[in-house]
Each structure stands twice: as C-alpha cells, then as structure tokens.
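Report on one structure; see the data block that follows.
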Amino acid sequence: MPSNPRILLVEDDPRLGAEIRDTLVGEDFDVTWLTDGALAIREDPGAFHLVVLDLMLPNSHGFDVLKKYRETSDVPVIILTARADTHDKVRGFKLGGDDYLTKPFWPEELVARIGARLRRPTIERDADRTIGPLTIDFDARTITTHGQPVDLTRVEFDIVATLAQRPGAAVSRRQLVERCLDEEREGTERTLDVHVSRIRKKLGESSDLVQTVWGIGYKLADPGP
C-alpha cells in the first residue's frame, strides 16, 4: 500500500463526509472531499489511489460519475449508498465498482476496506491481447472467444486478465485470491475455484485454455502461433 494514499471522497452529507474525512486523515490518508456530482465528474480520477463515491449526489448521479471515471481510469472505487438494493449493487459492479458499503456503517470498516483494496494490485490498462481464440480488451474490460463476447462478472474478468498477463505461466491460487477477490467477503481459495469453474463454463469450447496447475494454481495456456 502506498504511503499517504490519495483518496477522493465524494459525499454530499456534511456530517458523514466530515466524519469519514477526519477518520481517514487520522489514518494518514491524503483526502480530497467533494460534495457535488458535477464537480466530481470533472475530477481526474487518475490523480488518486482510490475513490469513495456516494450514489445520491446533487447535479450528477454517482453512477454517472463512475461511468465517466471508467472511461479513462481503473482507480479502485468503493461505492456508498443508503439503499440496500440488489439492483443498485449489481449495476455498480457492472459499471466497474470494486466494493459496496450500505449506510449506516462504521468509518473504521471503510478504513479496513480501503486498506484491503489498496493492498491488491490494480490491473493496469494495456493493449488488446489475443491468446488462441481469446481476445482480451483490458481497456474495455471485455473478452471474446472466436469473435463472440463472453459475459463475465468483474471478478471473473479480473481472474482471466491476471492469467492473460503471463500466458503459459502458473499463477498461485493465493495470488489470484489476493488480486481478484474481496478478502473480507469471499477471499478463499475455495471461492476462487468456484469462479474458475464458472469461467470455464462461459468460455465453452475455449474452456481448456484455463488449466489447473496442480499444487500451485491456474494458468492460461498459450497455444502459440
């Protein structure tokens, strides 16, 4: 985790925002606090290590802010909302959110989640990569096989993208858990195996590219030219 991480806090509630800011500053985070969605949407997300984003904002909805950020940046985003709506959570993750906290919550829990997320490397944007019938677009976060799109969740894409960065090389299950899964909610090797099983089903005829390396983890087979 970087020293004095730069955090962008977008929260229009003055009391909650001040509490979060003071807690983060007390933990040696460098906090920029915005209370307006229109201001947030014009901010450069690349200047920060992580964004804490409320959904219900004046002048621009949090989802619009997140969508705008994802056009240029993969900065981790933790979503805050007063609604425990599953539809909102699913939409948030599909737009590229990394974690979700429903109000009310303890600021200490937010600090713990920020720390956990910052300890996980971010998959950097890269050129498209083709491995056999698979094409991975790191910028758009999409995967196709034989030219057909594969509908992967955020976690599933991160797993494939991590393996695709080193085709043919084994990546340990522990590394994949730390890099791709939420440690507090689902950070177990057993959960990783479930995700890999789902990925293989979605890849169909290309499923054999995701190979188990016994005693180590997984690799994305490089079929060569």
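The values are calculated or read from the model by the stated rules, or taken from the named source; none is laboratory data. Computed from a predicted structure; not experimentally measured. No Cβ is skipped: glycine too gets one built from the backbone with ideal geometry, and neighbour counts run over all protein chains shown. SASA here: full protein model, heavy atoms, side chains in, ligands and nucleic acids out. Shrake-Rupley method; radii C 1.70, N 1.55, O 1.52, S 1.80 Å.
Listing for the model above:
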{"quantity": "Alpha-carbon centroid distance for the pair region 27-44 / region 48-74, whole angstrom", "calculated": "10 Å"}
{"quantity": "Low-density loop positions, GluC sites (Glu not before Pro), region 1-93 - DSSP coil, at most 12 other Cβ in 10 Å", "calculated": "GLU71"}
{"quantity": "For TYR100, residues with placed amide H under 5 Å, excluding near neighbours", "calculated": "ILE79"}
{"quantity": "Contour minus Cα-Cα distance for ARG6 and ALA221 (0.36 nm per residue)", "calculated": "73.6 nm"}
{"quantity": "Accessible surface of the chain [probe 1.4 Å, protein heavy atoms]: carbon and sulfur percent", "calculated": "48 percent"}
{"quantity": "Lysines whose Cα lies under 17 Å from that of LYS201, excluding same-chain neighbours fewer than 8 positions away", "calculated": "LYS219"}
{"quantity": "Ranking by accessible area, most exposed first, for VAL194, VAL77, VAL111 with a 1.4 Å probe", "calculated": "VAL194, VAL111, VAL77"}
{"quantity": "Pairwise label distance in nanometres, LEU101 with ASP22, each label 7 Å out on the Cα-Cβ vector", "calculated": "1.6 nm"}
{"quantity": "Surface per residue (accessible, 1.4 Å probe) for the chain, Å²", "calculated": "50 Å²"}
{"quantity": "Residue-span extension gain [ASP36 to LYS68] - 0.36 nm each, minus C-alpha spacing", "calculated": "10.0 nm"}
{"quantity": "Loop-located trypsin sites (Lys or Arg not before Pro) in region 1-48, at most 16 other Cβ atoms within 10 Å (DSSP)", "calculated": "ARG42"}
{"quantity": "Where labels lie 7 Å past Cα in the beta-carbon direction, separation of THR212 and ALA82 in nm", "calculated": "4.9 nm"}
{"quantity": "Distance (nanometres) between label positions extended 7 Å along Cα→Cβ at ASP128 and GLU178", "calculated": "3.3 nm"}
{"quantity": "Percentage of interatomic Cα-Cα distances in region 17-161 larger than 26 Å", "calculated": "28 percent"}
{"quantity": "Above-threshold pairs, the threshold being 18 Å between Cα atoms, out of LYS67/LYS89; LYS68/LYS94; LYS68/LYS202", "calculated": "LYS68/LYS202"}
